[in-house]
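The values are calculated or read from the model by the stated rules, or taken from the named source; none is laboratory data. Note that this is a predicted model, so its numbers are computed, not measured. Cβ: placed from backbone, ideal geometry, glycine included. Neighbour counts: every protein chain shown. For accessibility, only protein heavy atoms count, side chains too; no ligands or nucleic acids. Shrake-Rupley method; radii C 1.70, N 1.55, O 1.52, S 1.80 Å.
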Amino acid sequence: MALQPHVLIVGAGPVGLTAALVLAEQGIPIRLIDSLPHRMNQSRAAIVHARTLELFERLGVVDAFLGEGLKAHGIHIMDLQGRTLMRPNLDSLPSAYNFLLAIGQDATERLLTEALAQRGWTIERGVTLTALTQTPNGVTATLTHADQGSEEVAVPYVLGCDGARSTVRHQLGLKLEGETLDVYWVTADVRMEWNQPADELVAIPGPDGFGFASPLPGGRWRVVVDMGQRPAVLPETVPLEEVQAACQRVGLRARLSDPVWISPFGVNTRLVPTLQVGRVFLAGDAAHVHSPVGGQGMNTGIQDAINLAWKLALVLKGRGTQELLHSYNHERHANARRLLNFVGPATRMVNLRQPVAVELRRLVMLAVSELGLTSLLARRVSELDVQYCDSPVVAEHRQTTAEWLQALAADQPHPGLGDCWDFHHGPHPGERAPDAQGLKEAAGQPKRLYEHWIGDGRHQLLAFAGRQPSPQRLAALQQLAQGIEHDFAGVIRARVVCQEAPSLPASSLIDAEGDAHRQYGARYECMYLIRPDAYVGFRAQAAEARPLREYLSRVLGAPTPAWRPA
Ligand SMILES: Cc1cc2nc3c(=O)[nH]c(=O)nc-3n(C[C@H](O)[C@H](O)[C@H](O)COP(=O)(O)OP(=O)(O)OC[C@H]3O[C@@H](n4cnc5c(N)ncnc54)[C@H](O)[C@@H]3O)c2cc1C
């Protein structure tokens, strides 16, 4: 690429590729390097979760994933005798992607690489970052080419997406802090002779270790099995007979054959103290590692990349503040800590061996199932409950009680108590923007809300008209939407959402069934600013320009010329 790169992305695993894709969509010149001469061909992280699929939909790549992956609808957690302990089902997840998508990481990387190529960007392979230094104005990286010596490159920003052994992290002097368990597990892609349905995962937390199997496209299964005490040095591989014996021991009773990949690994729960040092950021395994319980590793890394890339793109275009950029560390470090606080204990729990502890675990699982709490578990695992409610860059505006009473006394428009209650139960700032059914533009077919955002990397301002808006209020909402879209051209798409609106511009969204109004608690006029990563950035009841503009100037700032490397 002839353009001077604004961002150097180190590592073309799923995380680096996703960051590259988002930055490319935003028109930011990048360099994406990877030391491997060829794409990795192992299936590693073999589950893509609902939230990642929602975000892939927005990036316009989800259909390719659905075309190759296998849908699994739940997880059957059983005891050694095959009795059900819990059976969380994903069918009722509030997402168009109410399933787990089984697809190998090699396929994930291939599909992301193809999407990037369609946007005109390629990976520079055989290029390794060996050193970096930074000043307040930029970063200088030393890159070693497999065949032609080395070069120094100056860029405004570097993203370290270079995996668990990250050189970028070492160069920053940061460590992955946490613990390594005294066990080792093996992962194997094999054929299994058994009668389990191929659309459900199986997990057996038994007294003799943990066993897990998940279907893969093409008829194989991914097995993860506890091999016992961790040796001083992990073996390179393990014979199939030993994997078979371990499966028998933990209750995965099937004949294994035809392995294509067997890999032993240690179980870590570790996190860096910060994801940002000056102009250098860490994402994915470079920043956090943990056991595969819940299949969260790659999904979390991909969502790190998305969270960071849209913010960085805005800052590079002079349309985002440093506060916005710093919120990457705030939001995603807190998320990683929360994840480790879930996966760490969950891993310890599946690792229990003492008979009393094993019995207690069985009772806890049965209780969770009996109390109907498995849906919470499903939401957690699918990452639909990720939220940034305490982020410094999310906010809301509501009338104070005094303002409300004043409006009431003066007989001015104001929300009723029921309207306030509804709005209170809409998505809060920092929460996932709910998808909604049946929204159409004047000339189009009804689509889901998320479908209206495909391929659009801008913030989305939804100005809800509420029930029976007056013509004056509709006109005011339209004026507000037009003003914001004009002043934040290329950054915000603003639309009025109304239940019926014969006289509004064609770009307005008609919510004829009222699903979006219901999901967003919009009985009374209100507005939501949805970020490019589909979280609520700002909301207000009563769609007034002033509080929104105050928020925007704090987070997006005034337009300034973009930084250019000297
Ligand atoms: C054996 C195994 C099994 C796994 N199973 C699961 C699972 O079942 N579920 C799950 O969620 N996760 C699993 N994982 C973890 C999952 O693979 C990672 O979470 C995921 O790969 C993280 O993606 P990443 O892009 O951050 O890093 P990586 O995929 O590690 O990619 C990093 C890239 O950076 C490149 N690189 C490294 N250093 C440099 C450098 N100095 N210069 C240039 N390039 C560099 C590497 O070549 C690599 O391509 C597994 C991992 C392993 C190893």
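When ligands, DNA and RNA are left out and all protein chains stay put, how many square angstrom of accessible area per residue does the range 409-566 have with a 1.4 Å probe?
44 Å²
For the range 173-219, which chymotrypsin sites (Phe, Trp or Tyr not before Pro) pass both filters: DSSP loop (anything but H, G, I, E, B) and at most 15 other C-beta atoms within 10 Å? Show your work: numbers first, answer last.
Values: sites: Y184, W185, W194, F210, F212; in loops: W194.
Loop-located and lightly packed - W194.
Please report, largest first and rounded to whole Å, the three semi-axes of the ellipsoid equivalent to the chain, where each semi-axis is the square root of five times an eigenvalue of the C-alpha gyration tensor. Don't skip to the end; give the middle numbers.
Working: eigenvalues 350, 193, 83 Å².
Result for the chain: semi-axes of 42, 31, 20 Å.
Would you mind computing, in nm to one decimal, how far apart the modelled labels at T130 and A245 are, each placed 7 Å from Cα along Cα→Cβ?
The modelled label-to-label distance comes out at 4.5 nm.
Considering only DSSP beta bridges whose two residues both sit in the range 399-555, what percent are antiparallel, to the nearest 5?
Close to 60 percent.
Once label points are set 7 Å from the Cα along Cα→Cβ at both D487 and H424, what is their separation, rounded to one decimal in nm?
About 3.1 nm, to one decimal.
Trypsin sites (Lys or Arg not before Pro), restricted to the range 320-381: which are DSSP loop and have at most 15 other Cβ atoms within 10 Å?
Hits after loop and neighbour filter: R353.
Run the simple label-point estimate for E193 and A410 please: 7 Å along Cα→C-beta, distance reported in nm.
Going by the 7 Å Cα→Cβ label model, 8.2 nm.
What size of dipole, in debye to the nearest 20, comes out for the chain about its Cα centre when the only charges are +1 on Lys and Arg C-beta atoms and -1 on Asp and Glu C-beta atoms?
Details: 53 positive and 58 negative charges, 97 e Å.
Taking the Cα centre of the chain as origin, the dipole is about 460 debye.
On a full-extension model of 0.36 nm per residue, what is the gain between Q322 and L234, subtracting their alpha-carbon distance, rounded to one decimal in nm?
Values: separation 88, 0.36 × 88 = 31.68 nm, distance 4.35 nm.
Length difference between fully extended and current span is 27.3 nm.
First compute the accessible area of the chain with a 1.4 Å probe, then give the percent of it belonging to carbon and sulfur atoms. If you can, show how the numbers build up before the last one.
Working: 12290 of 23230 Å².
Answer for the chain: carbon and sulfur cover 53 percent of the accessible area.
Please work out the average accessible area per residue across the range 178-268, using the 1.4 Å probe convention, and give it in Å². Numbers along the way, then the final one.
Details: 3780 Å² over 91 residues.
Here the residues of the range 178-268 average 41 Å² of exposed surface.
Taking θ as phi - 60°, what are the ³J(HN,Hα) couplings along the range 510-524 by the Karplus curve (6.51, -1.76, 1.60), each to the nearest whole Hz, with x for Gly and Pro?
9, 9, 4, 8, x, 5, 5, 4, 5, 4, 9, x, 10, 5, 10
What GluC sites (Glu not before Pro) does the range 201-247 have in DSSP loop regions with at most 10 other beta carbons within 10 Å?
Working: sites: E236, E241, E242; in loops: E236.
Sparse-neighbourhood loop GluC sites (Glu not before Pro): E236.
Out of all DSSP beta bridges with both ends in the chain, state the antiparallel percent to the nearest 5. Please list the in-between numbers first.
Working: 69 of 97 bridges.
Beta bridges within the chain, antiparallel portion: roughly 70 percent.
For A442 and K71, what does the FRET efficiency come to when R0 = 45 Å and r is the distance between their Cβ atoms, rounded to the nearest 0.05?
Step by step, r from the Cβ atoms, then E = 0.85.
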